[in-house]
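Below: the structure, in structure tokens.
The values are calculated or read from the model by the stated rules, or taken from the named source; none is laboratory data. Just so you know, these numbers come straight off a predicted model, no measurement behind them. Neighbour counts run over all protein chains shown; Cβ positions are idealised from the backbone, glycine included.
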Amino acid sequence: MRLIDILSEIKKNTSTDSKVLYKYIVDTFGNDVKVERPSDPFLETIEIRFKEDLPNNLRKYIKSNNWYIAKSKSNIIQINPTYSKGTIPKEKLPKQLYHATPTSNIDNIMKYGIESRSMDLRHKYPNRIYLSGRLPMIKLLAKELKNYKKGVDFSILEIDIKAVVGELYSDLTSAQFGSYYVQNTKILPKYIKVIQNNI
């Protein structure tokens with residue numbers, strides 16, 4: 001099967017659910033492509049290895065179906081979903097939300113709030129603020145970030161759920177259950193409380 005035919009079929013059958021897309025690609029194309037997903041069921045990245053180099057117009061096939069190319073090299077691409085399927089219904093919202101940030105940001109956050117942004121320009125989705133509904137998970141993340149940032153202290157913020165009603169999405173790319181984000185928005189200081197400093 002020609003690569004352009006594979007891409008055309010992917011375009012027609014792409015799902016916003018990575019498990020569905022993964023199974024479809026494996027079942028349909030067999031030996032024409034090698035497809036890999038991370039083992040953790042919460043991670044949505046799909047890696048596709050084609051048997052020939054990628055064409056220049058590949059992006060339009062993927063982008064038109066709620067996916068973006070996170071990485072591309074030679075005949076290999078990694079694709080991730082651009083958006084979750086929709087905001088979290090009010091009745092399923094977590095009771096509290098938490099956010100980890102460098103301690104050096106606290107003064108500005110308590111004055112001006114938290115702005116959504118993206119530091120990774122490879123990602124083709126709107127700017128986001130990442131949140132967690134589980135305090136143990138956000139504490140673990142803060143410790144991991146401290147190690148990654150070579151000793152930068154992190155603090156934990158508690159976010160009042162009223163700040164994000166109607167705006168909260170599940171983060172399908174996270175390996176942690178209870179991960180969320182809001183996008184293209186701002187969380188005002190009145191909804192923010194510092195609960196732990198200098199992790």
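Key figures for this structure:
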| quantity | calculated |
| --- | --- |
| Per-region count, the range 108-161, residues of a type in the set (S, T, N, Q), more than 18 Å from the chain's Cα centre (by Cα) and at pLDDT 90 or above | 2 |
| Test: residue in the range 84-102 that is under 26 Å from Ile46 (Cβ atoms), assigned to a strand (DSSP E or B) and either outside the structural domain of Val20 (by TED's automatic domain parsing) or at pLDDT below 95 (or both) | yes |
| Residue check for Thr16: modelled with pLDDT of 70 or more and not hydrophobic (A, V, I, L, M, F, W, C) | no |
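Yes/no per residue for (1) of a type in the set (Phe, Trp, Tyr); (2) not in a strand (DSSP E or B):
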{"site": "Lys162", "(1), (2)": "no, yes"}
{"site": "Glu167", "(1), (2)": "no, yes"}
{"site": "Ser174", "(1), (2)": "no, yes"}
{"site": "Phe177", "(1), (2)": "yes, yes"}
{"site": "Tyr181", "(1), (2)": "yes, no"}
{"site": "Lys190", "(1), (2)": "no, yes"}
{"site": "Val194", "(1), (2)": "no, no"}
{"site": "Asn198", "(1), (2)": "no, yes"}
